[in-house]
Amino acid sequence: MDNALDSLMKTEFINVGVGDPRFHRDDFWHTHTDYEICLHTNSMCFRKKASCVRRRYSEFVWLRHCLQQNALIIELPKLPPWNPFFSMTNKEQVTQRMKGLQEFLEIVLETPLLLSDSHLHLFLQSELSVPRIERCARGETRYSVAEAIQRSSGCLISSSFPLDYTGKGYSDSDCESSASSGLGLSGDVHSRCIGLPCLESSSGDHELFCTLSRSPSEEKSMPS
């Protein structure tokens, strides 16, 4: 059994890519840039094996703060520094920021303890805004973490994401295991994902998920 578990851990992979920066004008004075985060995995720690969402830099800052609060003994990787003169027209700045954001996520996803944080899963695989992620993680919403992820429309890998990437043990299977539970979590690998929220989807009312979209009013207070 131990050999089988070791073999499973070695063949699991989590590929993440950050790209496709997009400029948004919030109003006359305020703008922001967001980035596409594509995730492809066969890890039993993830309910959804392929997903794409868009996040802005300030949301990465929020995520790092959340992870640090919930895993005080771990030294988290740093984000690329905030630049008050950041410009979408400066290709070098944009490239360096995307590279830094991707490296941050790669290190986070290589840390088993952090994979138990529901904030991380909602950040990567749902379209909830930060305030709603916080409420959902605290159990204060009518929908569960599982439902928020399962009903997210960003479920397809972008054509810009290299599915043939082999650096971390690529497998062409992105199917969910029927023998898993929780976040696709098998009992044999429970020690890797302790504390993961239960992500078994339910047959909730479709109208419930109309509330999952990001509210513009919630985003105005967030810096780019």
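Any read-out appearing in this document is the output of simple, stated calculations on the displayed coordinates, not a laboratory observation. Keep in mind the model is a prediction, meaning the values are calculated, not measured. All Cβ positions, glycine included, derive from the backbone under ideal geometry; neighbour counts span all protein chains shown.
Details
- Farthest positive-ward along region 1-138 dipole, Cα basis, beta-carbon charges - from T41, P112, S58: S58
- Charge context of T33, other residues only, Cβ under 12 angstrom, K/R +1, D/E -1: +1
- Reduced Cα scattering model of region 16-143, Debye log10 I(q)/I(0), q = 0.15, 0.21 Å⁻¹: -0.74, -1.38
- Placing +1 on the Cβ of every Lys and Arg and -1 on the Cβ of every Asp and Glu, with nothing else charged, gives region 80-136 a dipole about its Cα centre of roughly 220 debye.
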